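Notes follow once the structure below has been shown.
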Amino acid sequence: MIYVGIDIAKLNHFASAISSDGEIMLQPFKFTNDYDGFHLLLHKLHSLDPDSLIIGLGSTAHYGNNLLEFLVKHNYKVCVINPIQTSAMRKNNIRKTKTDKVDTYIIAKTLMMDPHRFFSQHDLSIMHLKELGRFRMKLIKKRTQGKIQLMSYVDQAFPELQYFFKSGIHQKSVYAVLKEAPTTKDIASMHLTHLSHLLEVSSHGHFKKNTATELRILAQKSVGCNDSSISTQITQTIELIELLDSQVHDVESEMELIVNSLDSVIMTIPGIGFINGGMILGEIGDITRFSSPSKVLAFAGLDPTVYQSGNFNASHTKMSKRGSRPLRYALINAAHNVVKNNKTFKDYYDQKISEGKSHYNALGHCAGKLVRIIYKMLTDNVSFNLD
């Protein structure tokens, strides 16, 4: 076999190749992180037997993702090497040397010594799911911040508004009114027919003329300020929220396409949709990375903390929350939905509640049970069967 080690960086990568006998097949060489660089690498690899090649990439944030996809699409056997593995290999060297060229040899030797798993198109799809799931969480966080800001602006411009609409101000009909009339003066002077039409269309017929009449009277009596600076912040914040809504929808649509293409058994679990299912698949990745369900629990931060001192051992501790936050978020949400859709999980939830557990504590236990089931399903590739 011939082992190719590639040290990843932002602008330039380094690569070398050694045989299983330790013979240097390719001296370390630099290639750029672009079209020309990638094809230089291909040219170098073409001089070697393609059936004997195993390529290892040092894991360095996102900088190697493009090269990884490029090599997989060209049907090379590629795996990503954990920095912990290369660090351990480096410590075995007598000379404590660390350069990009030396690292290529260390990566290649790590391939020779440690078991490895090759990336496939399926793994790339899982990687994309992970990226999309995390990006979606960032968008939702920004949208939540925008809604909090909007509430503070409306508190100044029209403080009575949030109590007028029972569902609050964060709905399409309220946004439609505020975008056109962001101050109480604008609403109070708006023609009643136009205001009625605006509310009725944006609420799909839920709000009628009487709502428009009451809203206009409330605006006339309001103590809110009519400052133009506040109205500008209101309209632009609403536009930002609506933009984020659209972006979240686009990300979710892309996640749905990928989840459907994977045809994973996780989607047979009642109550798990493509969002939570996609995030769980993306964060877990290759299930063979974990030797037991407890390792997945620890990775998600759902495992209980341990508190021991002397002869004292705490019997009640909180979950560690030290693992993947997106995975923990998706598992808790999924557990909540599965409890509503499956009798076994509902009974388990009710049992924990009867033991005096809080709602979220009981959901945490259900999430732990769900992890054990998901681990079995993904490991053996079997559908959900717990009715």
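The values are calculated or read from the model by the stated rules, or taken from the named source; none is laboratory data. This is a predicted model, so every value here is computed, not measured. We place every Cβ from the backbone using ideal geometry, glycine too, and count neighbours over all the protein chains shown. Remember, those area values only see protein heavy atoms, side chains included, never the ligands or the DNA or RNA. Shrake-Rupley method; radii C 1.70, N 1.55, O 1.52, S 1.80 Å.
Of note:
- Taking every residue in segment 146-165 that is assigned to a helix (DSSP H, G or I) and pairing it with any residue that is open to solvent by 30 Å² or more (accessible area, probe 1.4 Å), at least 6 positions away or on another chain, the pairs with Cβ-Cβ distances below 7 Å are 146/240; 147/170; 153/233; 154/162; 156/225; 157/225; 164/218.
- Answer residue from segment 30-73, given it is in contact (Cβ under 8 Å) with a residue 60 or more places away in the chain and assigned to a helix (DSSP H, G or I) and is surrounded by the fewest Cβ atoms within 10 Å (Cβ to Cβ) among those: 65
- Of everything in segment 331-387 that is among the acidic types (Asp, Glu) and not in a helix (DSSP H, G or I), the residue that is surrounded by the most Cβ atoms within 10 Å (Cβ to Cβ) is 355.
- Residue 178 being closer than 24 Å to residue 149 by Cβ, part of a helix (DSSP H, G or I), open to solvent by 20 Å² or more (accessible area, probe 1.4 Å) and touching a residue at least 12 places away in the same chain (Cβ under 8 Å): no
- Qualifying residue in segment 227-236 (condition: surrounded by fewer than 18 Cβ atoms within 10 Å (Cβ to Cβ), of a type in the set (Gly, Ala, Ser) and not in a helix (DSSP H, G or I)): no
- Options 248, 223; residue that is under 30 Å from residue 280 (Cα atoms) and touching a residue at least 40 places away in the same chain (Cβ under 8 Å): 248
- Among the residues here, residue 26 does not qualify as assigned by the TED database to the domain that holds residue 82, surrounded by 14 or more Cβ atoms within 10 Å (Cβ to Cβ) and outside any strand (DSSP E or B).
- Residue 246 being loosely packed, with under 14 Cβ neighbours inside 10 Å, over 19 Å from residue 126 (Cα atoms) and more than 17 Å from the chain's Cα centre (by Cα): yes
- Taken over segment 109-127, the criterion of being in a helix (DSSP H, G or I) and either among the polar types (S, T, N, Q) or out of contact with any Gly (no Cβ under 8 Å at 6 or more places or on another chain) (or both) is satisfied by 110, 112, 113, 121, 122, 124, 125.
- Considering residues of segment 102-152 that are over 23 Å from the mean Cα position of the chain (by Cα) and acidic (Asp, Glu) only, the residue surrounded by the fewest Cβ atoms within 10 Å (Cβ to Cβ): 114
- When residue 205 is tested against (1) without any contact (Cβ under 8 Å) to a residue 12 or more places away in the chain; (2) under 29 Å from residue 167 (Cβ atoms); (3) open to solvent by 30 Å² or more (accessible area, probe 1.4 Å), just one condition goes unmet, and that condition is (3).
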